[in-house]
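We did not get these values from a lab; they are worked out from the coordinates using the rules stated. This is a predicted model, so every value here is computed, not measured. Please note: Cβ atoms are built from the backbone with ideal geometry, for glycine as well, and neighbour counts cover all protein chains shown.
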Amino acid sequence: MSLTYLYQDRFVSKEELQISPEDRGYYFGDGVYEVFRVYHGRLYEAAAHFERWEKSAAALRIPLPLPSGELTGRLEELIRINGLSEGTVYMQVTRGAAPRSHPFPADTKPILMAYTTEARRPLNTMKEGISAVTMEDIRWLRCDLKTLNLLPNVLAKQHAVDQGAGDVILHRNGTVTECSASNIMIVKDGAVITHPANHLILHGITRAVVLRLAQGLGLSVRETPFTLKELRAADEVFITGTTVEVTPVISVDGVPVADGRPGEITRRLQNEFEKTISF
Ligand code: PMP
């Protein structure tokens, strides 16, 4: 059975979904997106995702075709129509279609699209951990906006693939920011340390959940920049994200993190995270 897509406020097949070659998403990456995790047929942390969606769209001055309350209902309906139990919902809006010209077109209509993907949780890498390589963060200075412009992230992820690594750890002049599609945290002397949620990183929904969980466990949480040197001296390293959940990093640039096995605090946070999705 073919998948149903949400296109504007209608449910259509892929064949019915016609995107114009003049769509500004295609020309300029002029749009924003969200990826939701679906557990047991339900959107995880929907309100937080919609808050970020609204913030990104407002920053780019893209008027949203549907208010978030209504859109939540449409996505829930999409999940039901596609019979999705475990997976993701991808949703994007572009500024619309118009002849190619940099300034905002005078009267274009934003184009909204969403679809579901079946996906299992990455249980293997969550258990075993991944290797990571470091790379200079060459992105712009509004990484807090979830825009369609992902070329530096694409190049970073390909660098990881080329190196046979699981992901890339990005840094600006030696200060670690995040990964190609996830946030990064280190554990040092029992404290969980991660880059502050400013313009240099995406404010990950999973990051916020995990920091709350860490606080709940009575751990010291420090939202403060850390360096590549501190990364290499960390007791534990892990990444957080909608699809990776809490995944340990067991080596950086080929050198094991501590004893090269997932750390104890990472494990405790994984267990706590598990509880938030067993509804
Ligand atoms: N940073 C980047 C660059 C990302 O693309 C993602 C994935 N959306 C994240 C962090 C993690 O964010 P979240 O936990 O909301 O998925």
Proximal aspartates and glutamates to K275, defined as alpha-carbon separation beneath 15 angstrom and excluding residues fewer than eight positions away on the same chain: E45, E245
Placing +1 at every Lys and Arg Cβ and -1 at every Asp and Glu Cβ, with all other atoms neutral, what dipole size does segment 4-118 have around its Cα centre, in debye to the nearest 20? 220
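Given the peptides 166-172, 127-133, 39-45, 235-241, arrange them by the average over their residues of other C-beta atoms within 10 Å, most packed first. Write down the numbers at each step before the final one.
Details: 166-172: 22.7, 127-133: 19.7, 39-45: 15.6, 235-241: 25.4.
Going from most to least packed, we get 235-241, 166-172, 127-133, 39-45.
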Heads up, segment 123-276 by the C-alpha gyration tensor (a ≥ b ≥ c square roots of eigenvalues; a/c under 1.5 rounded, else a/b over b/c prolate, else oblate) looks rounded
Taking the Cα-to-Cβ direction at Q163 and at H199 and moving 7 Å from each Cα, how far apart do the two end points lie in nm? 2.8
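With both partners inside segment 123-276, how many of the DSSP beta bridges are antiparallel, as a percent to the nearest 5?
Antiparallel bridges make up about 60 percent of those DSSP assigns within segment 123-276.
Summing Lys, Arg as +1 and Asp, Glu as -1, what charge do residues with Cβ under 11 Å from the Cβ of Y27 carry, Y27 excluded? Intermediate results must be reported in sequence, preceding the final value.
On the way: positive: R24, R95, R100; negative: E22, D23, D30.
Once positives and negatives cancel, what remains is 0.
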Quick one: dipole size for the chain, taken about the Cα centre, charges +1 on Lys/Arg Cβ and -1 on Asp/Glu Cβ, in debye to the nearest 20. 220
Step through the residues of segment 148-163 one at a time and calculate ³J(HN,Hα) from phi using the Karplus curve (6.51 cos²θ - 1.76 cosθ + 1.60, θ = phi - 60°), rounding each to whole Hz and writing x for Gly and Pro. 6, 6, 10, 4, x, 5, 5, 5, 5, 5, 5, 4, 4, 4, 4, 8
Length gained, H40-R10, 0.36 nm per residue minus C-alpha separation, equals 8.4 nm
Karplus-derived 3J(HN,Hα), 6.51/-1.76/1.60, for each residue of segment 100-115, Hz, glycine and proline x: 5, 6, 4, x, 4, x, 5, 9, 10, 9, x, 10, 10, 8, 8, 8
Would you list which lysines come within 19 Å of K157, measuring only between C-alpha atoms, while excluding same-chain residues fewer than 8 positions from it? K146
Residue-normalised 222 nm signal for the chain, counting each DSSP H run of n ≥ 4 as -39,500 (n - 2.57), nearest 500 deg cm²/dmol, is -9000 deg cm²/dmol
Given axes a ≥ b ≥ c from the Cα gyration tensor, I'd like to know whether segment 238-279 is rounded (a/c under 1.5), prolate (a/b larger than b/c) or oblate. oblate
Can you compute the label reach from V255? Point 7 Å from Cα along the Cβ direction, backbone N cut-off under 20 Å, restricted to segment 157-183. 160, 163-179
Among T266, V209, H171 the positive-end extreme of the charge dipole of segment 125-279 (Cβ point charges): V209
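So how much slack lies between E118 and T227, counting 0.36 nm per residue of separation and subtracting their Cα-Cα distance, in nm?
Values: separation 109, 0.36 × 109 = 39.24 nm, distance 3.68 nm.
Gain on stretching E118 to T227: 35.6 nm.
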For V154 and Y90, extending 7 Å from Cα along the Cα-Cβ vector and measuring point to point gives, in nm, a value of 1.2
